[in-house]
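Quick one: structure below, then a few questions.
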Amino acid sequence: MIQQHGGNIYGYRDILDFSANINPLGVPDSVKKAVAEGAHGIEKYPDPNCTALRERLAEYEGIAPEKIVCGNGADDIIYRIVHAFIPENALVTAPSFSEYSRALAEAGCTADVHYLTEDSGFELSESILPRLTPDIDICFICSPNNPTGRTVSADVLEAMARKCLENGIILVCDECFLGFAENSEELSLMRYLNDSCVILRAFTKLYAMPGIRLGYAVFGSDSTAERIGQSGQFWSVSSLAQTAGIAALGEDDYVRRTAGYIARERSFLISEMRDMGVRVFDSSVNFLLFRSIPELCEKMLSMGILIRDCCNFDGLSEGYYRIAVRTHEENTAFLNALRRCLNG
């Protein structure tokens, strides 16, 4: 029942999936059209350098294309970074996305853990700064963090970027969910980008296209970007994924509508769940971490709703769960099922 990641709906029938944090507005029509029209070119190898996509991303991010590397999802880039540098000592936070630690362990790297506490609402604070010592080679943080939904404050991001530069630490900040936040530009490490910084982004969640694997990284250093660009497999991004990405980057109104819709539905869910007496943690994005009764996953599944059991996240235990923010109709169905579970 406990899964490594959300979204594993295969094997279930007629399931309402709250375990995967995908945009409830669905894939933009422009992306669907671009993929359909791009199918005529699948007999050719994709551009290994993602030239057109990187140029479009450079316009979108306001940075040189030489500082951008595209990959088969953000996960691909995480592993490429680790295997390109083979760090000896790393620092990660917990609870957080498990692929950082998995990639580091695969490369034989020792990872120290900075635990985020429930008492602080799982917020990453300046308490991490003393741990950014010269013996650390790489540090992974996630903002907004998965599964907590918390963002890192601008002050902490700025201090971390500065200290990592001073101590020669690669700072990887995963911002794959940041597009769901209404004030995303103010919350990004892009404001403090330096030669030590790497920012991870993905099309997967925001544009509701997990079936087309596409992510990218923005680097403060040209040489680091080149090193990562030369690592991993040669054709890491399919031609259809490149086409879909270019189309998605033109969907500014869709992104604005998404942030507003998510904010309203997130507030609705939090209010209703807290009225039931559920401990729901504050979030800035399209998912919520909460505490509830044991075996809630099984009870909800019996009602046709799949949620994410978070007991296998380092730093969490039995009774922690994560749900996506879905459409209003779906969110209402979830709340009705939750009430039945809690009321016996």
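How do the peptides 23-33, 67-77, 204-214 rank, highest first, by the average count of neighbouring beta carbon atoms within 10 Å per residue?
By packing density, highest mean first, the sequence is 67-77, 204-214, 23-33.
Multiply the residue gap between ALA105 and THR117 by 0.36 nm, knock off their C-alpha separation, and tell me the result in nm, one decimal place.
Here the answer is 1.9 nm.
Starting from the Cα-Cα distance between THR51 and ASP314, subtract it from 0.36 nm times their residue separation and give me the gain in nm to one decimal.
90.8 nm
Then there is this: Evaluate the relative contact order of segment 1-157 (contact order divided by residue number), counting alpha-carbon pairs under 8 angstrom at least 6 apart; express in whole percent.
Working: 135 pairs, mean separation 25.4, N = 157.
Relative CO of segment 1-157 lands at 16 percent.
In bins 10 Å wide, starting from 0, what share of all Cα pairs of segment 49-102 does each bin hold, as a percent?
Over segment 49-102, the share of Cα pairs per 10 Å bin runs 20, 40, 30, 10 percent.
May I pose another question? Sort 300-310, 89-99, 326-336 by packing, meaning the average of other beta carbons within 10 Å per residue, with the highest value first.
89-99, 300-310, 326-336
For segment 119-243, what is the relative contact order in percent, using Cα pairs closer than 8 Å and at least 6 residues apart in sequence?
For segment 119-243, the relative contact order is 20 percent.
Among the Cys residues of the chain, which have no other cysteine Cβ under 4.7 angstrom away?
CYS109, CYS139, CYS142, CYS164, CYS173, CYS176, CYS197, CYS297, CYS310, CYS311, CYS341
Taking R0 as 35 Å, what FRET efficiency do you get between GLU59 and HIS328 from their Cβ-Cβ distance, rounded to the nearest 0.05? Don't skip to the answer; put the middle values down first.
On the way: r = 34 Å, r/R0 = 0.98.
After rounding, the FRET efficiency stands at 0.50.
Please give the calculated 222 nm ellipticity per residue for the chain, where each DSSP H segment of at least 4 residues contributes -39500 (n - 2.57) and the sum is spread over every residue; nearest 500 deg cm²/dmol? Walk me through the numbers before you get to the answer.
Values: 10 runs with 118 residues, N = 344.
Value at 222 nm, helices only, nearest 500: -10500 deg cm²/dmol.
Semi-axes of the equivalent ellipsoid for segment 30-248, please: Cα gyration tensor eigenvalues, times 5, square-rooted, ordered largest first, whole Å.
Semi-axes from the Cα gyration tensor: 29, 19, 16 Å.
Estimate the FRET efficiency between ALA154 and SER223 by the formula 1/(1 + (r/R0)^6), using the beta-carbon distance for r and 22 Å for R0, to the nearest 0.05.
0.20
Let me confirm the definition first: pairs of Lys residues in segment 30-248, 8 or more apart or on different chains, C-alpha distance under 30 Å. How many are there?
Summing the qualifying lysine pairs gives 10.
Coordinate-derived values only; no laboratory data. Because the structure is predicted, anything quoted here is derived from the model rather than measured. Counting neighbours? That spans all protein chains shown, and the Cβs are built from the backbone with ideal geometry, glycine included.
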